[in-house]
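Asker: Take a look at this one; I'll ask things after.
The values are calculated or read from the model by the stated rules, or taken from the named source; none is laboratory data. Everything quoted here is computed from the prediction, not taken from an experiment. Quick reminder, even Gly has a Cβ in these numbers, built from the backbone with ideal geometry, and neighbours come from all protein chains shown. Accessible surface is based on the protein model in full, side chains and every heavy atom, while ligands, DNA and RNA are left aside. Shrake-Rupley method; radii C 1.70, N 1.55, O 1.52, S 1.80 Å.
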Amino acid sequence: MNDMYHYLLGLLDIYEWFIVGYASFYVISYLVFAFLSYVAIRKYVLMKHYINEDILLKSNEAIGVSIVAPAFNEGATIVHNVKSLLSLSYPKFEVIIINDGSSDDTLEKLITEFNLVKVPFFYQRRIETAPVRGHYKSKNPVYSKLLVVDKENRKSKADASNVGINSSQYPLFLCTDVDCILKPNTLVKLVKPFIESRRRVIAAGAAIRSSNASEVNEGFLVKVHYPNKWYPMFQELEYVRAFLFGRMAWSQLNSLILVSGGLGMFDKEVAIEAGGYMHTSLGEDMELIIRMRKVMYDKKEKFKISYIPESLCWTEVPPNLKILMRQRIRWARGLIQTMVIHKKMFFNPKYGRTSWFALPYFFLFEFLAPIIEAFGLLLIVASLIWSFFYTDIINYDFLLWSMLFVYLFYINITIISILLDELLYKSYANIREVLKLIGMAMIEPVFYHPVVVMAALKGYWQFFLKKEAKWGVMVRKGFTVTKK
């Protein structure tokens, strides 16, 4: 019993020192990120009119963009979704809808609404994909920018996206989800970094927000509202914090390794050279960016991945715990899978900041954080049980002060993100919604963060057990109602 006492006491001491070092490094890095985000946002605001958007909209020399949007069983909303994408403001673009072997009436609705006919099409399979059944174009010249591709289902959005890339005609492609609502000037905003940068820009992204409670009319966003249900509320907080603080800082360091699959513009040639999206990956958006970076390093060509601190895309986020857990489990599995696939890049001088900074950081603070938290909780519970039956061994002052410090730091970063976002873009309908968002930030660490940690641990467990990954179905409400 005495040996157990000394063992637990020693373990607690080691863990306390470890947590002090780990938390200190995390806090310092986040403060650095906050400063870098401020620098990046200020630079963006000052350079916003470097190339006037009106000039791009009227230019005959604009870079062509192919919008790639996979669709699987989206019959309820597909017509409004496509019309919304076709209405974007840009002089040279096409919309490619990939019907990913839908078992509902998605393809039939597209054929009927847009007067589509099957056409001869030279399909060059530069990226290997599942078989393509056919390409469809409209007989109505109003829809000349629309191309619909019908393919066999491979249970992978990545494979459908690759079919869209193979079918595209322009040098840039925008990958999005067909249910996403894009701001009318999205293409103009995302194209600008490719034109303005002295380095070759291989990808660009922008902020994504929740549309769950927003006013939407036939696929067009009328008015943004803060979500009115708990889990979408917490996800909105995550998005504001991650996109405004995290990714802007990574972009400023030119070390960004994640551009969201919901909204990302890519240099098509580099993406194809990298092999396109990996259809067996559960984190295909992050995995593709890392491979694209690897291609550029191998070619010894200077490059850049840009990020825009503006909300350009709204999408329905998981509305309940079941769907949220399924999504986050998949994300966790995707993270560890990507780390394993690219393990040889870690600390390899050939791959610069990606190997020395970005990948190790994600390993330490994205992958390991849930494990460290879970281990700490188990150690505290074991110590409490020991203290109840035997000798008190817990340093309550350290426990309480460290928890308070982490909590206050966490909510302060979140509140600063909310206020900065509102100051710059006035994203919400009124001040009441902003105050509600701040209120949710106060309880997020207690009610929501544990759910995210549990999902991550379950995802890791499933990965190591090599369980079959399931995408599941994200049930959509649709966009036919004017006000939700």
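Asker: How many percent of the accessible area of the chain is carbon or sulfur, using a 1.4 Å probe?
Answerer: 62 percent
Asker: Let me know the shape class of the range 157-285, please: from the alpha-carbon gyration tensor, a ≥ b ≥ c as square roots of the eigenvalues, rounded when a/c is under 1.5, otherwise prolate if a/b is greater than b/c, or oblate.
Answerer: Verdict is prolate for the range 157-285.
Asker: Along the charge dipole of the chain, pointing to its positive end and built from +1/-1 on Cβ of Lys, Arg, Asp and Glu, which listed residue (166, 32, 190) has its Cα farthest out?
Answerer: Value: 166.
Asker: Treat the range 213-275 as a sphere of radius equal to its Kirkwood radius over Cα pairs and apply Stokes-Einstein at 10 °C in a medium of 1.306 mPa s; give the translational diffusion coefficient in µm²/s, rounded to a whole number.
Answerer: 109 µm²/s
Asker: By average Cβ neighbour count within 10 Å, what is the ranking of 232-243, 319-330 from highest down?
Answerer: Listed from highest to lowest mean packing, they are 232-243, 319-330.
Asker: Another one. How long are the semi-axes of the equivalent ellipsoid of the range 337-461, taking √(5λ) for every eigenvalue λ of the Cα gyration tensor, in whole Å from largest down?
Answerer: Each semi-axis is √(5λ); the values are 30, 29, 13 Å.
Asker: Apply the Debye scattering formula to the range 140-195, with a single equal point scatterer on each alpha-carbon and no solvent, then give log10 I(q)/I(0) at q = 0.12, 0.21, 0.31 Å⁻¹.
Answerer: -0.38, -1.08, -1.30
Asker: Moving on. So for 202, 372, what's the accessible-area order with a 1.4 Å probe, most first?
Answerer: Sorted by accessible area, descending: 372, 202.
Asker: What percent does the relative contact order of the range 90-203 come to when contacts are Cα pairs within less than 8 Å and at least six residues apart?
Answerer: 30 percent
Asker: Please compare each pair in 137/304; 223/467; 43/145; 137/268; 58/426; 151/466 to a cut-off of 31 Å on the Cα-Cα distance and tell me which ones are over it.
Answerer: 137/304; 223/467; 43/145
Asker: Please check which bits of the range 107-121 a label hung off residue 139 would reach, taking the label as a point 7 Å along Cα-to-C-beta and the cut-off as backbone N under 11 Å.
Answerer: Label zone hits: 115-118.
Asker: Which whole-angstrom value gives the distance between the alpha carbon centres of the range 265-322 and the range 101-125?
Answerer: Centre-to-centre distance over Cα atoms comes out at 27 Å.
Asker: Okay, next question. Can you give the calculated 222 nm mean residue ellipticity of the chain, where each DSSP H run of n ≥ 4 adds -39,500 (n - 2.57) and the sum is split over every residue, rounded to the nearest 500 deg cm²/dmol?
Answerer: -16500 deg cm²/dmol
Asker: Using the 2.2 N^0.38 Å rule of thumb for compact globular proteins, work out how the chain stacks up: its C-alpha Rg over that value, please.
Answerer: In units of the globular-protein estimate, the chain measures up at 1.03.
Asker: What net charge is computed for the residues neighbouring residue 328, neighbours being all others with C-beta under 13 Å from the C-beta of residue 328, Lys and Arg scored +1, Asp and Glu -1?
Answerer: Summing Lys/Arg as +1 and Asp/Glu as -1 gives +3.
Asker: Please sort 265-276, 347-358 by packing, taking for each peptide the average over its residues of neighbouring beta carbons within 10 angstrom, highest first.
Answerer: Ranked by mean Cβ neighbours within 10 Å, highest first: 265-276, 347-358.
Asker: Cα-based Rg of the range 284-333 per 2.2 N^0.38 Å, rounded to two decimals?
Answerer: Compared with the compact-globule rule of thumb, the range 284-333 sits at 1.65.
Asker: Whole-Hz ³J(HN,Hα) for each residue in the range 183-191, computed from phi via Karplus 6.51 cos²θ - 1.76 cosθ + 1.60 with θ = phi - 60°, x for glycine and proline: what do you get?
Answerer: 5, x, 9, 4, 5, 4, 4, 7, 6
Asker: Within a Cβ distance under 12 Å of residue 370, other residues only, what is the Lys/Arg minus Asp/Glu net charge?
Answerer: 0
Asker: Cα convex hull of the range 274-375: mean projected area in nm², to one decimal?
Answerer: If I average the Cα hull's projected area over directions, I get 8.5 nm².
Asker: Still on this structure: Please give every one of the aspartates and glutamates within straight-line cross-link reach of residue 118, meaning a C-alpha to C-alpha distance under 14 Å, and leave out same-chain neighbours fewer than 8 residues apart.
Answerer: Residue 118 reaches 108, 150.
Asker: Okay, next question. Using a probe radius of 1.4 Å on heavy atoms only, what accessible surface per residue do you get for the chain? Whole Å² is fine.
Answerer: Computed with neighbouring chains in place, this is 47 Å² per residue.
Asker: Compute the signed sum of charges (Lys and Arg +1, Asp and Glu -1) over the other residues within less than 11 Å, Cβ to Cβ, of residue 168.
Answerer: +1
Asker: Continuing with the same structure: Can you classify the range 1-128 as rounded, prolate or oblate using the Cα gyration tensor, where a ≥ b ≥ c are the square roots of its eigenvalues, rounded means a/c under 1.5, and otherwise it's prolate if a/b beats b/c and oblate if not?
Answerer: Taking the square roots of the gyration eigenvalues as a ≥ b ≥ c, the range 1-128 is oblate.
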